[in-house]
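The values are calculated or read from the model by the stated rules, or taken from the named source; none is laboratory data. Just so it is clear, the structure is predicted and the values come from calculations on it, not from any experiment. No Cβ is skipped: glycine too gets one built from the backbone with ideal geometry, and neighbour counts run over all protein chains shown.
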Amino acid sequence: MSITYYFIRHAPTKAAPNLCYGQTDIPLVADYPRHHAQIKRALPPLDLVYSSPLSRCLQLAHDLNSQPVIDARLQELNFGLWEQCNFNHIAPLQLQQWSENYLTQAPPQGENFAQLLQRCHNFWHALAPLEGQNIAIVSHAGVIRALLSLSLNIAADKVFHFKVDYASIHCIKQHENWHELVFWNQTASV
């Protein structure tokens, strides 16, 4: 038995530099169709496509499959009151405390990484793929890292050592009793 998962991060957005925008719906850059075409060419035929409901993911999901499965559990971390703030305008001590304890500490009125991980755990364990399927999950850097932690049993505090570029593809193959990291952070030149 084997199932192949492609975790795909959305293309670059029009977000201002240093903008905190986890669950804020920020539009994609104007040349996003080129990124989508490169991603599509790099993938085999897909049986299922799951997507975050945010438009920066949905646009790609619809380019990959006319009927993607939209799942709110695949949204990026909720940064609460920090959403749409410039990171340089967040109190330095508050930002430092959060960055040193992101697993258990949340931004004000937001969620911590453990909560995002739980959302992703619920999504991951609800999947019921069939043998031989190719499944794409179009989402965000935080969610992709959470899925890496879950699928390969990597400690949550270690997954931030893995780079997740915009418009990148990450491939995990599920075998009967184990998972294989096929490739990580593959990007096609645009």
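Checking ILE137 against (1) in contact (Cβ under 8 Å) with a residue 24 or more places away in the chain; (2) surrounded by fewer than 14 Cβ atoms within 10 Å (Cβ to Cβ); (3) aliphatic (A, V, I, L, M): exactly one of these is not met. Which one? Exception for ILE137: condition (2). Does ASN134 qualify as being more than 24 Å from VAL29 (Cα to Cα) and at pLDDT below 95? Judged against the criteria, ASN134 is not a match.
Per-residue answers, yes or no, for (1) under 21 Å from ARG56 (Cα atoms); (2) aliphatic (A, V, I, L, M); (3) modelled with pLDDT under 95:
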{"residue": "ASP71", "(1), (2), (3)": "yes, no, no"}
{"residue": "GLN75", "(1), (2), (3)": "yes, no, no"}
{"residue": "PHE79", "(1), (2), (3)": "yes, no, no"}
{"residue": "GLN84", "(1), (2), (3)": "yes, no, no"}
{"residue": "ALA91", "(1), (2), (3)": "no, yes, no"}
{"residue": "GLN97", "(1), (2), (3)": "no, no, no"}
{"residue": "GLN109", "(1), (2), (3)": "no, no, no"}
{"residue": "ALA114", "(1), (2), (3)": "no, yes, no"}
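For region 155-190, the tally of residues that are within 21 Å of LEU77 (Cα to Cα) and out of contact with any His (no Cβ under 9 Å at 6 or more places or on another chain) stands at 12.
Yes/no per residue for (1) touching a Leu at 6+ places or on another chain (Cβ under 7 Å); (2) in contact (Cβ under 8 Å) with a residue 12 or more places away in the chain; (3) closer than 13 Å to TYR6 by Cα:
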site	(1), (2), (3)
GLU100	no, no, no
LEU103	no, yes, no
PRO108	yes, yes, no
GLU131	no, yes, no
ILE144	no, yes, yes
LYS158	no, no, no
LEU181	yes, yes, yes
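Restricting to region 158-190, and then to whatever is part of a strand (DSSP E or B) and aliphatic (A, V, I, L, M), can you tell me which residue is nearest to the chain's Cα centre (by Cα)?
Step one: list which residues in region 158-190 are part of a strand (DSSP E or B), which gives 169-175, 179-186.
Next, only the ones that are aliphatic (A, V, I, L, M) stay: 169, 172, 181-182.
On the way: ILE169: 10, ILE172: 14, LEU181: 16, VAL182: 17 Å.
Among residues in region 158-190 that are part of a strand (DSSP E or B) and aliphatic (A, V, I, L, M), the one nearest to the chain's Cα centre (by Cα) is ILE169.
Of the helices (runs of 4 or more DSSP H) lying entirely inside region 1-109, not one is found with 2 or more residues being among the acidic types (Asp, Glu) and either crowded, with 18+ Cβ neighbours inside 10 Å or in contact with a helix residue (DSSP H, G or I) (Cβ under 8 Å, 6 or more places away or on another chain) (or both).
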